[in-house]
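Okay, so here's the structure we're looking at.
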Amino acid sequence: MILPLLDTRAALPLSDRGFVVLLVFLGIVALGAVAFVVASLLLRARNNAIARGWAAFEARCDPVMLDVLVGAAPPAALRAVLAPGDDRRFIEYLLRYGRRIRGQERLLLGEIAAPHLYAASGDLRSRNVERRARATQAIGELGPGVYRTELLEALRDPAPLVCMVAAVALSREYRAEDVLRVIRATSRLTLLTTRLLVSMLQRLGPQAAWAFREVLADASEPPKLRTVAAKVLAGFNDQEAGDIALREVQATTDTDLRVALLQLLQRVGSAEHLDVVRRLVTDPDAAVRGAAIRMIGAIGGESDLALLQTALDDPVSWVAIHAAEALRRSGRTDLLETLARTRGRRSSILMSEVLFRDAGS
Amino acid sequence: MTDLLVRLVWVVNVVTLSYFTILATFYLVSSVLAFRFLRRYALRLKSVDVEDLISSGAAPPVALLVPAHNEERSCVESVRALLTLNYPEYEVIVVNDGSTDRTLDVLIEAFDLVRTTRLPSAELPTQPIRRILRSRRHNNLWVVDKENGGKSDALNAALAICRTPLFCTIDADSILEPDALLRATRPFLEDDRVVAVGGIVRVVNGSAVEQGRVRSVRLSPRLLPRLQVVEYLRAFLSARVAWSELNASLIVSGAFGLFRRDMVVAAGGYSTTTVGEDMELIVRLHRTQRTRDFVPRVVFVPDPVAWTECPETLGGLARQRNRWQRGLLESLGRHRRLLFNPRYGAVGMLAYPYFLVLEGFGPVIEIVGYVAFAVTLLIGAWSPTFVVSFVALAVLVGIALSAAAVALEELTFRRYPRWVDLLRLFTAAIVENLGYRQLNQFWRLQGTIAVLRGQRHWGSPPRRGFGPPADSSA
């Protein structure tokens, strides 16, 4: 069988031109493979050298830095241990420190960094987004006072990342003249979650509550920004926001905003607000019903127990869970035990769970 | 007859060479994309201190869902490690999926579990649940004891009682690094469209593990785990990074993935009729959400790490690869509507065809190609150029791509600090292509045949636990 096949060798078109192209491709791949190996080895050597360099730099700076931070040496003492061209590395070093310290020591860090920050600020005009963001972070962490104008400018940077880094830096310190600008700038960060924006802006502190109230009351602002404002105000326990929340919860149709307003009322609302909220326990939107139940559980009284019991049968589990939690918080353990015995299987499971939590806590 | 055979061999050879060339091109492009992304990602990590924001209140509560079936040897250590993660608010839901060993008993003893109830927040059909237990020592530890139904069924049982906005799936024998959750939740906070995030899964074999933590990273002294380290690096640092960049990820590893609970529940939870539930879920999320005109983002992030034990025997590895291949084909077969469907964007036009042709049919093409190559040599219908091209494409390209993956690791995370480990990785990158890769394709071909024959057993490799290997001297 093989012998006749051998005669067909010439007929098999596998030995010609297409392979030349293939061989060139393979040659490139082979070179690539060698390049990857060499690059990795060089990279390893370089990384090890950088690590050694850092270790030596830290060994030089750490003792003096500690003396400066405890007041045993003036900030200028650090300059003595720096070599020419060390500015960038020193800024990186200070940024690492900056993440570990707070308060007065942080202010001192800014003072130490001031003569060297020019090295980072040059990157504020870089074409690379990440470099601009890194530079913004450096001036925001180490020189927010000196570079405030640049930070405010960065809020208008075309890259959301840079805007975000600037907003984080500016949120660390309350300044009445800039606060609205900072809050409104975050409306550009459409992809960020509400949770992250709230965490960021809450750092402005309760003295910024007036600005958040202004945003919350302004129906022309984007619903997401108003949602953030409501959540921040809830975090501040801002009593003055209660009436605005009550008014807006009736005016808006945005679900997230309505839920945030009800959460705000849960924190700062009063018995006077209950009438409006009670109407919302039959809202078609389960998220709103759940938030209304929670608010009533927090503010309501004995007269609302029947309403909470009705909510235990809500077709959406979440609403029922909120109702059970509200009943638990009312302190009526006897009622919970009765409900666990007398109602349907779902309520029974829920009540047992809630009672277990009481026993465990 | 002779003429027909020669023509057939010619066609197969052309298909095989084309397959190798396309595969090599894809991996080269993905390595370049990954290089670009990883550099940018490293800079981004430096520029935004999101961890600080997260720890100050932005962190969404997370539930860790841990299916466990006959894990009595490692489950207590794993759960202990999970209870010490650096994350502000999370709970651990372990599902004892009808274990026939003492898994449940050791959990009850170790964590003082008592019976309780918990109202489901979602209706997902599962095998009957026997009881729900909660720890008296750790308020955030729950155990669901249910009848055996497989991993997907166990995940659905945990998902049904999960109440947090995000949940994380992790295998009972995997180890999460303490800050893995913090790092993995970050994409959810930075982009509202993110529905799933996958972290990197690394091979723990050979590393020192104490009290559920990886204390020092070392390569295993055994060859088989080392080869898998290179494979994992290539799969995660190159391919998954590139697909994530194109927003066309079709898989988030079941060993470590974070998901938005509402999206997964709306999609119907995990499918219990496939062995590739992790991939099937992602493909289904793409499909269901894009049908609703929402373009979900499935993101891979390379810095949160889950360490997992890889098979150390050929038999165990064969079963694992066979299962992975079946999962892939079942997932693709179930969602074939995506193929070249522009409605699904890069997922339909790029990722699906890639996975179908190069990953799904790849083993068939490759194995048949090797046979055709042998026949070509046998009948003497070869030229030196052909032989060189074939061998080079089958071996050299593989070496280049594996070397690129090791280079990416060195460029970014450098988890293997010893020079000797780096050199061993490069050696493994070469050796991998001289038999191991071909063996792998053979196992995957068996998986393909199993799908065609309708087999559906799980095929878990045996585990040996996190202790040092018997001959661990390196």
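One table, with the values for the structure above:
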| quantity | calculated |
| --- | --- |
| Checking residue A:272 against (1) of a type outside the set (Gly, Ala, Ser); (2) surrounded by fewer than 16 Cβ atoms within 10 Å (Cβ to Cβ); (3) modelled with pLDDT of 95 or more, the condition it does not meet | (3) |
| Residue count, region A:308-346 (criterion: surrounded by 16 or more Cβ atoms within 10 Å (Cβ to Cβ), small (Gly, Ala, Ser) and within 14 Å of chain B (Cβ to nearest Cβ)) | 6 |
| Condition broken by residue A:55, with the remaining ones in (1) in contact with a helix residue (DSSP H, G or I) (Cβ under 7 Å, 6 or more places away or on another chain); (2) modelled with pLDDT of 90 or more; (3) surrounded by fewer than 13 Cβ atoms within 10 Å (Cβ to Cβ) satisfied | (1) |
| Members of region B:270-281 that are among the hydrophobic types (A, V, I, L, M, F, W, C) and more than 19 Å from residue B:122 (Cβ to Cβ) | B:275, B:279 |
| In region B:367-426, residue nearest to the other protein chains (Cβ to nearest Cβ) [restricted to those that are of a type in the set (Val, Ile, Thr) and either under 18 Å from residue B:203 (Cβ atoms) or not in a helix (DSSP H, G or I) (or both)] | B:379 |
| Residue satisfying all of: in region B:110-131; surrounded by 15 or more Cβ atoms within 10 Å (Cβ to Cβ) and within 9 Å of chain A (Cβ to nearest Cβ); nearest to the chain's Cα centre (by Cα) among these | B:122 |
| Qualifying helices (runs of 4 or more DSSP H) (wholly inside region A:282-361; at least 2 residues being on the phi > 0 side of the Ramachandran plot and at pLDDT below 80) | none |
| Set B:188, B:167: member being within 17 Å of residue B:64 (Cβ to Cβ) and either among the basic types (Lys, Arg) or part of a helix (DSSP H, G or I) (or both) | B:188 |
| Whichever residue in region A:301-321 is more than 16 Å from residue A:274 (Cβ to Cβ) and not hydrophobic (A, V, I, L, M, F, W, C) and, among such residues, is nearest to the chain's Cα centre (by Cα) | A:317 |
| Test: residue in region A:71-88 that is among the small types (Gly, Ala, Ser), within 30 Å of residue B:425 (Cβ to Cβ) and surrounded by 14 or more Cβ atoms within 10 Å (Cβ to Cβ) | no |
| Close pairs from region A:151-173: first touching a residue at least 24 places away in the same chain (Cβ under 8 Å) and within 12 Å of chain B (Cβ to nearest Cβ), partner charged (D, E, K, R) and part of a loop (DSSP other than H, G, I, E, B), Cβ under 6 Å, at least 6 apart | A:163/A:157 |
| Cross-chain or 6+ apart pairs with Cβ under 7 Å, region A:185-200 first and within 15 Å of residue A:260 (Cβ to Cβ) and at the interface with another protein chain (Cβ under 7 Å from one of its Cβ atoms), then surrounded by fewer than 18 Cβ atoms within 10 Å (Cβ to Cβ) and polar (S, T, N, Q) | A:199/B:56 |
| Selection count where residues are over 14 Å from the mean Cα position of the chain (by Cα) and not β-branched (Val, Ile, Thr), scope region B:291-310 | 6 |
| All positions within region A:124-147 that are closer than 28 Å to residue A:176 by Cα, in contact (Cβ under 8 Å) with a residue 24 or more places away in the chain and more than 8 Å from chain B (Cβ to nearest Cβ) | A:124, A:132, A:138, A:139, A:140, A:141, A:142, A:143, A:144, A:145, A:146, A:147 |
| Some residue of region A:228-237 being touching a residue at least 24 places away in the same chain (Cβ under 8 Å) and either outside any helix (DSSP H, G or I) or more than 30 Å from residue B:187 (Cα to Cα) (or both) | yes |
| Residue that is farthest from residue A:119 (Cα to Cα) [pool: residues in region A:90-108 that are more than 14 Å from every other protein chain (Cβ to nearest Cβ) and over 23 Å from the mean Cα position of the chain (by Cα)] | A:104 |
| Which listed residue, of B:343, B:334, B:326, B:321, is farther than 21 Å from residue B:253 by Cβ and either touching a residue at least 40 places away in the same chain (Cβ under 8 Å) or out of contact with any strand residue (DSSP E or B) (no Cβ under 9 Å at 6 or more places or on another chain) (or both) | B:343 |
| Residues of region B:220-258 classified as part of a loop (DSSP other than H, G, I, E, B) and surrounded by 22 or more Cβ atoms within 10 Å (Cβ to Cβ), total | 7 |
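Yes or no, residue by residue, for (1) more than 19 Å from residue A:203 (Cα to Cα); (2) surrounded by 17 or more Cβ atoms within 10 Å (Cβ to Cβ); (3) among the hydrophobic types (A, V, I, L, M, F, W, C); (4) modelled with pLDDT under 90:
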{"residue": "A:112", "(1), (2), (3), (4)": "yes, yes, yes, yes"}
{"residue": "A:118", "(1), (2), (3), (4)": "yes, no, no, yes"}
{"residue": "A:121", "(1), (2), (3), (4)": "yes, yes, no, yes"}
{"residue": "A:155", "(1), (2), (3), (4)": "no, yes, yes, no"}
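The values are calculated or read from the model by the stated rules, or taken from the named source; none is laboratory data. Since the model is a prediction, treat every value here as computed from it, not as a measurement. Glycine gets a Cβ as well: all are built from the backbone with ideal geometry, and neighbour counts include every protein chain shown.
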